[in-house]
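Enquirer: Here it is, the structure, as C-alpha coordinates.
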Amino acid sequence: MTSTASLLPGTPLPNLDKQRFTSTHILRWLAAQQNWDKIHFDQQFCQDVARLDAPVINGALKQHLIVQFLTEAMPCAWPWRVDYQFIGPDYVGDKLRVQGVVTGSQVLDGRIFVSVDVEILNTDRGEVTARGKAVVVQNISGVPVLNAIGIAAPDGMGLPLATSPPDAATAEHISRLLGTQIDARESHYSIDLSRLRLFADAVMGLPPKHFDAQAGAASPWGCVVAPPLFPLHGIEALPGALPLSEDPRSQGREGVNEVGRDLAHMFGIDPAGGMNAGNRVAIHSLACAGERIHADSTLVGARRRSGKRGGDMIFFETLNRYSEASGRPLVTERQTVVVRLVGD
(Lines give C-alpha, C1' and ligand atoms only; values in the text may rest on other atoms or scores of the structure.)
Protein backbone atom coordinates (compact mmCIF):
# COMPACT_ATOMS: atom_id res chain seq x y z
CA MET A 1 0.00 0.00 0.00
CA THR A 2 1.21 3.51 -0.86
CA SER A 3 -0.05 6.91 0.27
CA THR A 4 -0.64 9.15 -2.73
CA ALA A 5 0.03 12.25 -0.64
CA SER A 6 3.76 11.44 -0.41
CA LEU A 7 4.33 10.12 -3.94
CA LEU A 8 6.84 11.88 -6.17
CA PRO A 9 7.33 11.50 -9.95
CA GLY A 10 9.33 8.37 -10.64
CA THR A 11 7.98 6.48 -7.63
CA PRO A 12 7.21 2.87 -8.62
CA LEU A 13 4.02 1.28 -7.31
CA PRO A 14 3.91 -2.29 -5.95
CA ASN A 15 3.55 -4.82 -8.77
CA LEU A 16 0.40 -6.91 -9.11
CA ASP A 17 1.42 -10.44 -10.10
CA LYS A 18 -1.49 -12.63 -11.16
CA GLN A 19 -1.81 -16.38 -11.12
CA ARG A 20 -1.30 -17.95 -14.55
CA PHE A 21 -4.50 -17.63 -16.63
CA THR A 22 -5.04 -21.19 -17.80
CA SER A 23 -7.95 -22.28 -20.00
CA THR A 24 -9.99 -23.14 -16.90
CA HIS A 25 -9.37 -19.69 -15.42
CA ILE A 26 -10.46 -18.08 -18.68
CA LEU A 27 -13.63 -20.19 -18.86
CA ARG A 28 -14.46 -19.05 -15.33
CA TRP A 29 -13.95 -15.44 -16.41
CA LEU A 30 -16.13 -15.92 -19.50
CA ALA A 31 -18.94 -17.21 -17.28
CA ALA A 32 -18.51 -14.31 -14.85
CA GLN A 33 -18.44 -11.75 -17.66
CA GLN A 34 -21.20 -13.60 -19.55
CA ASN A 35 -19.07 -13.50 -22.70
CA TRP A 36 -19.22 -16.25 -25.34
CA ASP A 37 -16.57 -14.85 -27.70
CA LYS A 38 -14.81 -17.78 -29.39
CA ILE A 39 -11.46 -16.01 -29.74
CA HIS A 40 -10.92 -16.85 -26.05
CA PHE A 41 -11.50 -20.62 -26.15
CA ASP A 42 -11.87 -22.04 -29.67
CA GLN A 43 -8.51 -22.88 -31.26
CA GLN A 44 -9.99 -23.75 -34.65
CA PHE A 45 -11.97 -20.51 -34.82
CA CYS A 46 -8.88 -18.51 -33.87
CA GLN A 47 -6.80 -20.01 -36.65
CA ASP A 48 -9.38 -20.40 -39.42
CA VAL A 49 -11.49 -17.27 -38.91
CA ALA A 50 -9.89 -14.74 -36.56
CA ARG A 51 -6.32 -15.15 -37.89
CA LEU A 52 -4.95 -15.58 -34.37
CA ASP A 53 -2.27 -18.09 -33.41
CA ALA A 54 -4.21 -19.27 -30.36
CA PRO A 55 -7.01 -18.20 -27.98
CA VAL A 56 -6.26 -14.89 -26.29
CA ILE A 57 -6.79 -13.61 -22.76
CA ASN A 58 -9.72 -11.19 -22.64
CA GLY A 59 -8.98 -7.50 -22.90
CA ALA A 60 -11.92 -6.97 -20.54
CA LEU A 61 -10.19 -9.08 -17.90
CA LYS A 62 -6.95 -7.15 -18.31
CA GLN A 63 -8.71 -3.82 -17.77
CA HIS A 64 -10.00 -5.11 -14.42
CA LEU A 65 -6.45 -6.07 -13.49
CA ILE A 66 -5.29 -2.50 -14.13
CA VAL A 67 -7.97 -1.09 -11.82
CA GLN A 68 -7.20 -3.76 -9.21
CA PHE A 69 -3.54 -2.76 -9.37
CA LEU A 70 -4.42 0.90 -8.74
CA THR A 71 -6.79 0.23 -5.85
CA GLU A 72 -4.38 -2.15 -4.11
CA ALA A 73 -1.45 0.25 -4.49
CA MET A 74 -3.45 3.28 -3.25
CA PRO A 75 -6.40 2.04 -1.17
CA CYS A 76 -7.62 5.48 0.00
CA ALA A 77 -7.63 6.92 -3.52
CA TRP A 78 -10.27 6.75 -6.24
CA PRO A 79 -9.27 5.22 -9.63
CA TRP A 80 -10.92 8.03 -11.54
CA ARG A 81 -9.48 7.94 -15.07
CA VAL A 82 -7.87 4.98 -16.81
CA ASP A 83 -6.75 4.95 -20.45
CA TYR A 84 -5.11 1.86 -21.91
CA GLN A 85 -4.22 0.37 -25.26
CA PHE A 86 -3.61 -3.29 -25.99
CA ILE A 87 -0.44 -3.42 -28.09
CA GLY A 88 0.04 -7.19 -28.24
CA PRO A 89 -1.92 -10.35 -27.48
CA ASP A 90 -1.61 -12.45 -24.34
CA TYR A 91 -2.43 -16.08 -25.01
CA VAL A 92 -4.40 -18.36 -22.73
CA GLY A 93 -1.90 -19.96 -20.35
CA ASP A 94 0.31 -16.86 -20.04
CA LYS A 95 1.30 -15.19 -16.78
CA LEU A 96 0.77 -11.45 -16.35
CA ARG A 97 2.07 -8.69 -14.13
CA VAL A 98 0.65 -5.17 -13.81
CA GLN A 99 3.21 -2.50 -12.97
CA GLY A 100 3.32 1.27 -12.89
CA VAL A 101 5.11 4.42 -11.87
CA VAL A 102 3.93 7.84 -10.68
CA THR A 103 4.50 10.56 -13.27
CA GLY A 104 3.12 13.66 -11.58
CA SER A 105 0.39 15.25 -9.46
CA GLN A 106 -1.88 18.28 -9.32
CA VAL A 107 -3.81 19.82 -6.44
CA LEU A 108 -7.32 21.18 -7.05
CA ASP A 109 -10.22 21.92 -4.68
CA GLY A 110 -8.73 20.04 -1.75
CA ARG A 111 -7.83 16.95 -3.76
CA ILE A 112 -4.63 15.49 -5.17
CA PHE A 113 -4.81 14.13 -8.73
CA VAL A 114 -1.94 11.66 -9.17
CA SER A 115 -0.92 10.58 -12.68
CA VAL A 116 0.39 7.04 -13.18
CA ASP A 117 1.90 5.30 -16.19
CA VAL A 118 0.74 1.69 -16.13
CA GLU A 119 1.55 -1.39 -18.20
CA ILE A 120 0.87 -5.12 -18.33
CA LEU A 121 3.95 -7.30 -18.69
CA ASN A 122 3.68 -10.82 -20.09
CA THR A 123 6.30 -12.38 -17.83
CA ASP A 124 6.57 -15.54 -19.95
CA ARG A 125 7.71 -13.55 -22.98
CA GLY A 126 9.20 -10.54 -21.20
CA GLU A 127 6.97 -8.35 -23.38
CA VAL A 128 4.70 -5.41 -22.52
CA THR A 129 1.31 -6.17 -24.07
CA ALA A 130 -0.75 -3.26 -22.72
CA ARG A 131 0.20 0.28 -21.88
CA GLY A 132 -1.78 3.15 -20.46
CA LYS A 133 -2.16 6.12 -18.17
CA ALA A 134 -4.30 6.55 -15.09
CA VAL A 135 -5.34 9.31 -12.71
CA VAL A 136 -6.19 8.54 -9.09
CA VAL A 137 -7.79 11.06 -6.75
CA GLN A 138 -7.18 11.46 -3.02
CA ASN A 139 -8.49 14.00 -0.52
CA ILE A 140 -5.75 16.09 1.04
CA SER A 141 -7.45 15.43 4.38
CA GLY A 142 -6.79 11.69 3.99
CA VAL A 143 -10.50 10.83 4.11
CA PRO A 144 -11.13 8.07 1.51
CA VAL A 145 -12.76 9.18 -1.75
CA LEU A 146 -15.98 7.17 -2.15
CA ASN A 147 -17.04 8.44 -5.59
CA ALA A 148 -16.06 10.95 -8.24
CA ILE A 149 -19.48 12.48 -8.91
CA GLY A 150 -19.11 16.23 -9.24
CA ILE A 151 -15.31 16.19 -9.19
CA ALA A 152 -13.96 18.80 -11.60
CA ALA A 153 -11.26 17.59 -13.96
CA PRO A 154 -7.94 19.46 -14.07
CA ASP A 155 -7.02 20.62 -17.55
CA GLY A 156 -6.16 17.74 -19.86
CA MET A 157 -7.37 14.98 -17.54
CA GLY A 158 -10.99 14.69 -18.63
CA LEU A 159 -12.37 11.95 -20.87
CA PRO A 160 -12.56 13.01 -24.56
CA LEU A 161 -16.20 13.02 -25.63
CA ALA A 162 -16.10 14.53 -29.14
CA THR A 163 -17.03 12.58 -32.27
CA SER A 164 -14.16 11.98 -34.69
CA PRO A 165 -14.52 13.29 -38.27
CA PRO A 166 -15.68 10.84 -40.97
CA ASP A 167 -13.07 8.59 -42.56
CA ALA A 168 -13.14 8.53 -46.37
CA ALA A 169 -12.26 4.80 -46.50
CA THR A 170 -15.16 3.75 -44.25
CA ALA A 171 -18.51 2.72 -45.75
CA GLU A 172 -21.08 5.50 -45.91
CA HIS A 173 -23.77 3.53 -44.05
CA ILE A 174 -21.41 3.45 -41.06
CA SER A 175 -20.09 7.01 -41.30
CA ARG A 176 -23.55 8.56 -41.45
CA LEU A 177 -24.27 7.21 -37.96
CA LEU A 178 -21.32 9.01 -36.37
CA GLY A 179 -22.55 11.04 -33.42
CA THR A 180 -25.81 9.10 -33.04
CA GLN A 181 -26.94 6.66 -30.37
CA ILE A 182 -26.75 3.12 -31.73
CA ASP A 183 -27.77 1.09 -28.69
CA ALA A 184 -29.43 1.37 -25.27
CA ARG A 185 -30.12 -1.41 -22.78
CA GLU A 186 -31.25 -1.86 -19.20
CA SER A 187 -30.79 -4.91 -17.03
CA HIS A 188 -33.88 -7.02 -16.33
CA TYR A 189 -32.40 -8.19 -13.03
CA SER A 190 -30.75 -6.56 -10.03
CA ILE A 191 -27.09 -7.16 -9.25
CA ASP A 192 -26.94 -10.17 -6.93
CA LEU A 193 -24.27 -11.54 -4.60
CA SER A 194 -23.95 -14.79 -6.54
CA ARG A 195 -22.86 -12.95 -9.70
CA LEU A 196 -20.48 -10.74 -7.73
CA ARG A 197 -18.98 -13.78 -5.99
CA LEU A 198 -18.35 -15.44 -9.36
CA PHE A 199 -16.87 -12.21 -10.69
CA ALA A 200 -14.50 -11.87 -7.73
CA ASP A 201 -13.45 -15.50 -8.10
CA ALA A 202 -12.64 -14.94 -11.78
CA VAL A 203 -10.61 -11.74 -11.32
CA MET A 204 -8.94 -13.24 -8.24
CA GLY A 205 -7.90 -11.30 -5.15
CA LEU A 206 -10.76 -8.81 -4.90
CA PRO A 207 -11.63 -7.64 -1.35
CA PRO A 208 -14.75 -8.99 0.45
CA LYS A 209 -16.63 -5.68 0.14
CA HIS A 210 -17.28 -6.75 -3.48
CA PHE A 211 -19.12 -9.99 -2.63
CA ASP A 212 -19.72 -10.45 1.13
CA ALA A 213 -22.80 -8.92 2.79
CA GLN A 214 -21.14 -8.46 6.20
CA ALA A 215 -18.00 -6.87 4.76
CA GLY A 216 -20.11 -4.63 2.53
CA ALA A 217 -22.23 -3.42 5.45
CA ALA A 218 -19.06 -2.59 7.39
CA SER A 219 -17.54 -0.68 4.46
CA PRO A 220 -17.85 3.11 4.02
CA TRP A 221 -20.53 2.45 1.37
CA GLY A 222 -22.68 0.47 3.80
CA CYS A 223 -23.47 -2.20 1.21
CA VAL A 224 -21.80 -4.69 -1.10
CA VAL A 225 -20.34 -2.67 -3.97
CA ALA A 226 -19.45 -4.08 -7.39
CA PRO A 227 -15.89 -3.67 -8.71
CA PRO A 228 -15.41 -0.30 -10.47
CA LEU A 229 -15.72 -1.62 -14.05
CA PHE A 230 -18.42 -4.24 -13.33
CA PRO A 231 -21.16 -2.11 -15.00
CA LEU A 232 -19.57 -2.86 -18.39
CA HIS A 233 -20.74 -6.46 -17.96
CA GLY A 234 -23.60 -6.06 -15.50
CA ILE A 235 -26.61 -5.84 -17.83
CA GLU A 236 -28.73 -8.99 -17.49
CA ALA A 237 -30.99 -10.06 -20.39
CA LEU A 238 -34.04 -12.30 -20.20
CA PRO A 239 -33.35 -15.99 -20.98
CA GLY A 240 -33.50 -16.58 -24.73
CA ALA A 241 -33.28 -12.89 -25.59
CA LEU A 242 -29.82 -13.21 -27.16
CA PRO A 243 -29.70 -16.58 -28.96
CA LEU A 244 -26.32 -17.88 -30.07
CA SER A 245 -25.77 -18.46 -33.79
CA GLU A 246 -25.21 -21.88 -35.32
CA ASP A 247 -22.99 -20.37 -38.02
CA PRO A 248 -19.46 -21.78 -37.44
CA ARG A 249 -17.98 -18.42 -38.44
CA SER A 250 -20.05 -16.54 -35.87
CA GLN A 251 -17.89 -15.10 -33.14
CA GLY A 252 -20.33 -15.55 -30.26
CA ARG A 253 -20.71 -11.82 -29.66
CA GLU A 254 -24.38 -12.05 -30.60
CA GLY A 255 -25.01 -13.66 -27.21
CA VAL A 256 -23.24 -11.01 -25.10
CA ASN A 257 -25.41 -8.36 -23.46
CA GLU A 258 -23.00 -5.42 -23.69
CA VAL A 259 -23.29 -2.14 -25.55
CA GLY A 260 -20.78 -0.86 -28.10
CA ARG A 261 -19.09 -4.22 -28.74
CA ASP A 262 -20.88 -6.38 -31.33
CA LEU A 263 -20.48 -3.84 -34.10
CA ALA A 264 -19.81 -6.28 -36.94
CA HIS A 265 -23.23 -7.82 -36.42
CA MET A 266 -24.85 -4.41 -35.97
CA PHE A 267 -23.50 -3.06 -39.27
CA GLY A 268 -24.01 -6.20 -41.33
CA ILE A 269 -20.30 -7.03 -41.60
CA ASP A 270 -19.41 -10.70 -42.00
CA PRO A 271 -17.15 -10.95 -38.94
CA ALA A 272 -13.76 -12.62 -39.07
CA GLY A 273 -13.02 -11.93 -35.45
CA GLY A 274 -13.11 -8.71 -33.51
CA MET A 275 -10.98 -7.62 -30.59
CA ASN A 276 -10.93 -5.02 -27.85
CA ALA A 277 -8.12 -2.66 -28.84
CA GLY A 278 -8.24 -0.43 -25.79
CA ASN A 279 -10.34 1.82 -23.66
CA ARG A 280 -10.54 5.20 -22.01
CA VAL A 281 -12.76 5.27 -18.94
CA ALA A 282 -13.98 7.65 -16.27
CA ILE A 283 -15.27 5.92 -13.13
CA HIS A 284 -17.92 8.00 -11.35
CA SER A 285 -19.37 5.73 -8.64
CA LEU A 286 -19.76 2.07 -7.64
CA ALA A 287 -22.88 0.02 -8.31
CA CYS A 288 -24.42 -1.63 -5.25
CA ALA A 289 -25.91 -5.10 -4.91
CA GLY A 290 -29.64 -4.83 -5.55
CA GLU A 291 -29.33 -2.08 -8.16
CA ARG A 292 -29.95 -2.38 -11.90
CA ILE A 293 -27.73 -1.00 -14.63
CA HIS A 294 -28.68 1.09 -17.68
CA ALA A 295 -26.31 1.69 -20.60
CA ASP A 296 -26.38 3.51 -23.92
CA SER A 297 -23.85 3.69 -26.75
CA THR A 298 -23.04 6.41 -29.28
CA LEU A 299 -20.83 5.81 -32.32
CA VAL A 300 -18.03 8.40 -32.17
CA GLY A 301 -15.45 6.99 -34.57
CA ALA A 302 -15.00 4.55 -37.46
CA ARG A 303 -11.88 4.30 -39.60
CA ARG A 304 -10.77 1.61 -42.05
CA ARG A 305 -7.11 0.60 -42.09
CA SER A 306 -4.94 -2.17 -43.57
CA GLY A 307 -3.87 -4.89 -41.15
CA LYS A 308 -0.26 -5.93 -40.52
CA ARG A 309 -1.13 -9.54 -41.35
CA GLY A 310 -3.09 -8.77 -44.49
CA GLY A 311 -6.67 -7.68 -45.06
CA ASP A 312 -8.46 -4.58 -43.86
CA MET A 313 -9.92 -3.76 -40.47
CA ILE A 314 -12.36 -1.20 -39.14
CA PHE A 315 -11.51 0.54 -35.87
CA PHE A 316 -14.80 1.44 -34.22
CA GLU A 317 -15.03 3.88 -31.31
CA THR A 318 -18.12 4.08 -29.14
CA LEU A 319 -18.92 6.35 -26.21
CA ASN A 320 -20.75 4.18 -23.70
CA ARG A 321 -22.45 5.61 -20.62
CA TYR A 322 -23.41 3.36 -17.71
CA SER A 323 -25.66 4.44 -14.88
CA GLU A 324 -27.73 3.01 -12.08
CA ALA A 325 -31.29 2.63 -13.41
CA SER A 326 -32.52 5.75 -11.59
CA GLY A 327 -29.77 7.84 -13.21
CA ARG A 328 -26.70 7.90 -10.93
CA PRO A 329 -23.63 7.81 -13.20
CA LEU A 330 -21.34 4.79 -12.83
CA VAL A 331 -18.86 4.66 -15.73
CA THR A 332 -18.29 6.47 -19.00
CA GLU A 333 -16.03 4.71 -21.50
CA ARG A 334 -14.65 5.46 -24.92
CA GLN A 335 -14.17 1.96 -26.29
CA THR A 336 -12.16 0.90 -29.36
CA VAL A 337 -13.12 -2.35 -31.10
CA VAL A 338 -11.26 -3.73 -34.12
CA VAL A 339 -13.26 -5.79 -36.66
CA ARG A 340 -11.36 -7.72 -39.32
CA LEU A 341 -13.11 -7.78 -42.70
CA VAL A 342 -13.69 -11.09 -44.44
CA GLY A 343 -12.30 -11.44 -47.95
CA ASP A 344 -9.94 -8.45 -47.76
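Enquirer: Determine which member of the set D42, D48, D53, D37 is over 25 Å from G142 (Cα atoms) and open to solvent by less than 10 Å² (accessible area, probe 1.4 Å).
Expert: That would be D37, the only listed residue that is over 25 Å from G142 (Cα atoms) and open to solvent by less than 10 Å² (accessible area, probe 1.4 Å).
Enquirer: Of the numbered conditions (1) in a loop (DSSP other than H, G, I, E, B); (2) under 30 Å from S23 (Cβ atoms); (3) of a type outside the set (S, T, N, Q), D201 fails exactly one; give the number of that condition.
Expert: (1)
Enquirer: Residues in region 241-258: is at least one open to solvent by 40 Å² or more (accessible area, probe 1.4 Å), part of a loop (DSSP other than H, G, I, E, B), farther than 24 Å from W29 by Cβ and among the acidic types (D, E)?
Expert: yes
Enquirer: Based on what the data block shows, is A277 under 18 Å from the mean Cα position of the chain (by Cα) and at pLDDT 95 or above?
Expert: Taking the combined requirement at face value, the residue does not satisfy it.
Enquirer: Could you tell me which of the residues A202, A171, A153 is at pLDDT below 95, under 26 Å from H265 (Cβ atoms) and of a type in the set (A, V, I, L, M, F, W, C)?
Expert: Being at pLDDT below 95, under 26 Å from H265 (Cβ atoms) and of a type in the set (A, V, I, L, M, F, W, C) holds for just one of A202, A171, A153, which is A171.
Enquirer: Follow-up question, since we're still on this one. For S175, are the conditions met, namely being in contact with a strand residue (DSSP E or B) (Cβ under 8 Å, 6 or more places away or on another chain), in contact (Cβ under 8 Å) with a residue 12 or more places away in the chain and farther than 22 Å from S323 by Cα?
Expert: yes
Enquirer: Moving on. Quick one: is S219 open to solvent by less than 60 Å² (accessible area, probe 1.4 Å) and among the polar types (S, T, N, Q)?
Expert: yes
Enquirer: How many residues does region 172-195 hold that are open to solvent by 70 Å² or more (accessible area, probe 1.4 Å), in a strand (DSSP E or B) and closer than 30 Å to V224 by Cβ?
Expert: Number satisfying all stated conditions: 1.
Enquirer: Oh, and also: Can you pull out the strands (runs of 3 or more DSSP E) entirely within region 72-155 that have at least 1 residues that are buried (at least 17 other Cβ atoms within 10 Å of the Cβ) and of a type in the set (S, T, N, Q)?
Expert: Counting at least 1 such residues, we get 96-108, 111-122, 127-139.
Enquirer: Quick one: A60 ticks every box in (1) touching a Lys or Arg at 6+ places or on another chain (Cβ under 6 Å); (2) not in a strand (DSSP E or B) bar one, so which box is it?
Expert: (1)
Enquirer: Which of the residues that make up region 10-30 are exposed (fewer than 14 other Cβ atoms within 10 Å of the Cβ), touching a residue at least 24 places away in the same chain (Cβ under 8 Å) and assigned to a helix (DSSP H, G or I)?
Expert: Residue satisfying the conditions is S23 alone.
Enquirer: Related question: Could you please find all residues in region 259-286 being out of contact with any Gly (no Cβ under 6 Å at 6 or more places or on another chain), among the small types (G, A, S) and not in a strand (DSSP E or B)?
Expert: Matches in region 259-286: G260, G268, S285.
The values are calculated or read from the model by the stated rules, or taken from the named source; none is laboratory data. Just so you know, these numbers come straight off a predicted model, no measurement behind them. Neighbour counts run over all protein chains shown; Cβ positions are idealised from the backbone, glycine included. Only protein heavy atoms, including side chains, enter the accessible area calculation; ligands, DNA and RNA are left aside. Shrake-Rupley method; radii C 1.70, N 1.55, O 1.52, S 1.80 Å.
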